[in-house]
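J.: What follows is a single structure, and I will ask about it in a moment.
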Amino acid sequence: MYDGFSADYDRFVDWPARLAVELPFIEQQLQAVNALRVLDAACGTGMHAVALAQRGHAVVGTDLSAEMVARARANAAAAGVDARFQVAGFGELAARVGGDFAALLCLGNSLPHVLTAAELNAALADFAACLRPGGLLLIQNRNFDRVLARCERWLEPQGHREGNAEWLFLRLYDFEPDGALAFHVVTLHRQGNDAWQQRVASSRLWPQRQAELVAALATAGFADVACRGNMQGAPFDPDVSPNLVITARR
């Protein structure tokens, strides 16, 4: 899915607005552990990594999508920052980029791309292997307790313009019989008044609930687990919070 979506991803995300909301909380968490070396797992086009490098952190970004990693390297070069990017998926991070990181970020609802409990346990064990003792893990997922309880299919649409070109991005879930979600991104694009062109990219997700993710973190040896409801640090409410944001220490 993400190789094909990489060209439009930075149009889909309003990065100035998103970073303005999220960076203060991220920086607060990093400062709490005096984090200089940071690993951004499932970094996408690398914009969090670039922003943190601009603030003096030594950042490594990883992503399973080679196209996303290529975009991340281009974004870092355009910003003039020294951030390293590596193609690597969950479960192989420590082997590819090593350990002793002070913090590991897994943002943007990336962790639900692991589809079984065994894969989740392997991913979290890999996260632990990347972190120094006492290191910080920060996860940002959608609040799937709410999504499942309300059968919320549609996410907020996004739009983008460049000159007379226009993009619309529609996101939705299909609820699968086995409990997984089929996640679809519909991209609509037109130039001026030309006809709309469309394409669909899809991926399966495991909608991890708070209780099962917290239990998996304990199994992986993480401690001091705290749950919040968004990237501004609001309390987590399974009925209404938009996100499940978890911090934990190795």
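The values are calculated or read from the model by the stated rules, or taken from the named source; none is laboratory data. Just so it is clear, the structure is predicted and the values come from calculations on it, not from any experiment. We place every Cβ from the backbone using ideal geometry, glycine too, and count neighbours over all the protein chains shown. SASA here: full protein model, heavy atoms, side chains in, ligands and nucleic acids out. Shrake-Rupley method; radii C 1.70, N 1.55, O 1.52, S 1.80 Å.
J.: Return an integer: the convex hull volume of the alpha-carbon atoms of region 1-68, in Å³ per residue. Please list the in-between numbers first.
T.: On the way: hull volume 5.7 nm³, N = 68.
Each residue corresponds to 84 Å³ of Cα convex hull volume.
J.: Rounded to the nearest 20 debye, what is the charge dipole size of region 127-222 about its Cα centre when +1 sits on each Lys and Arg Cβ and -1 on each Asp and Glu Cβ? Walk me through the numbers on the way to the answer.
T.: On the way: 11 positive and 10 negative charges, 36 e Å.
Dipole of region 127-222, to the nearest 20 debye: 180 debye.
J.: Relative contact order of the chain: what whole-number percent is it, with Cα pairs under 8 angstrom and at least 6 residues apart? Write down the numbers at each step before the final one.
T.: Numbers: 516 pairs, mean separation 45.3, N = 250.
Rounded, it is 18 percent for the chain.
J.: Something else: Go ahead and collect, in residue order, the members of region 36-53 whose backbone nitrogen is under 14 Å from a label point 7 Å along the Cα-Cβ direction of Val87.
T.: none
J.: Return the calculated 222 nm mean residue ellipticity for the chain, to the nearest 500 deg cm²/dmol, obtained by summing -39500 (n - 2.57) across DSSP H runs with n ≥ 4 and dividing by the residue count.
T.: Details: 8 runs with 87 residues, N = 250.
The helix-only estimate for the chain comes to -10500 deg cm²/dmol at 222 nm.
J.: Okay, next question. Using only the alpha carbons, work out the radius of gyration and Dmax of the chain in angstrom.
T.: Just the Cα atoms of the chain yield Rg and Dmax of 17.8, 57 Å.
J.: Can I ask one more? Would you mind working out the magnitude of the charge dipole of region 27-154 relative to its Cα centre, with +1 at each Lys and Arg C-beta and -1 at each Asp and Glu C-beta, to the nearest 20 Debye?
T.: On the way: 11 positive and 11 negative charges, 45 e Å.
In debye, rounded to 20, region 27-154 gives about 220.
J.: On to the next question. Roughly what would the spin-label model give for Asp237 and Ala95, points 7 Å off Cα along C-beta, in nm?
T.: Taking the two extended label points, one gets 4.5 nm.
J.: With both partners inside region 82-192, how many of the DSSP beta bridges are antiparallel, as a percent to the nearest 5? Write out the running numbers ahead of the final one.
T.: On the way: 17 of 22 bridges.
Bridges in region 82-192 that DSSP calls antiparallel: roughly 75 percent.
J.: Same structure again: Report the local net charge at Ala66: Lys and Arg +1, Asp and Glu -1, summed over other residues whose C-beta lies under 11 Å from its C-beta. Don't skip to the answer; put the middle values down first.
T.: Numbers: positive: Arg71, Arg73; negative: Asp3, Asp63, Glu67.
Surrounding charge for Ala66 is -1.
J.: I would also like to ask the following. Sort 9-19, 107-117, 51-61 by the packing proxy (mean of other Cβ within 10 Å over each peptide's residues), most packed first. Write out the running numbers ahead of the final one.
T.: Numbers: 9-19: 15.5, 107-117: 18.6, 51-61: 20.6.
Those peptides, ordered most packed to least, come out 51-61, 107-117, 9-19.
J.: In square angstrom, rounded to the nearest 10, how much accessible surface does Phe175 have for a 1.4 Å probe?
T.: Rounded to the nearest 10, the figure is 80 Å².
J.: Can you list residues from other chains, or at least 5 along the same chain, whose modelled amide H is less than 5 Å from the amide H of Val114?
T.: Trp206
J.: Now, a different point. Charges only on Cβ, +1 for Lys and Arg, -1 for Asp and Glu: so what's the dipole of the chain about the Cα centre, in debye to the nearest 20?
T.: On the way: 22 positive and 27 negative charges, 71 e Å.
Result for the chain is approximately 340 debye, rounded to the nearest 20.
J.: Before I look further, what does the chain give for accessible area per residue, probe 1.4 Å, in whole square angstrom? Mind showing how you got there, number by number?
T.: Numbers: 11130 Å² over 250 residues.
Roughly 45 Å² per residue, with all protein chains present.
J.: Grab the eigenvalues of the alpha-carbon gyration tensor for region 92-230, scale each by 5, take roots, and send me the semi-axes largest first in whole angstrom.
T.: On the way: eigenvalues 227, 73, 36 Å².
Taking √(5λ) for each eigenvalue gives 34, 19, 13 Å, largest first.
J.: I've got another one for you. What helices does the chain have that are whole DSSP H segments, at least 18 Å long along their own axis by Cα, and with mean Kyte-Doolittle hydropathy of 0.5 or more?
T.: Working: long enough: 15-32 (24 Å, 0.12); 66-79 (20 Å, 0.32); 117-130 (20 Å, 1.07).
Helix filter hits for the chain: 117-130.
J.: Calculate, in nm to one decimal, what Ala79 and Ala201 gain on full extension: separation in residues at 0.36 nm each, minus their alpha carbon distance. All intermediate terms of the calculation are to be shown ahead of the outcome.
T.: Details: separation 122, 0.36 × 122 = 43.92 nm, distance 2.86 nm.
Here the answer is 41.1 nm.
J.: Related question: Name the shape class, rounded, prolate or oblate, that the alpha-carbon gyration tensor gives for region 1-126, where a ≥ b ≥ c are the square roots of its eigenvalues, rounded holds for a/c under 1.5, and otherwise prolate holds if a/b is larger than b/c and oblate otherwise.
T.: Working: a/c = 1.45, a/b = 1.09, b/c = 1.32.
It is rounded, given that a/c, with a ≥ b ≥ c, falls under 1.5.
J.: On a full-extension model of 0.36 nm per residue, what is the gain between Phe175 and Ala226, subtracting their alpha-carbon distance, rounded to one decimal in nm? Provide the component values of the computation, followed by the final result.
T.: Working: separation 51, 0.36 × 51 = 18.36 nm, distance 2.84 nm.
In short, 15.5 nm is gained.
J.: Just going by the charge dipole of the chain, with Lys and Arg at +1 and Asp and Glu at -1 on Cβ, which of His57, Met47, Phe127 is farthest out on the positive end?
T.: Toward the positive end, the furthest listed residue is His57.
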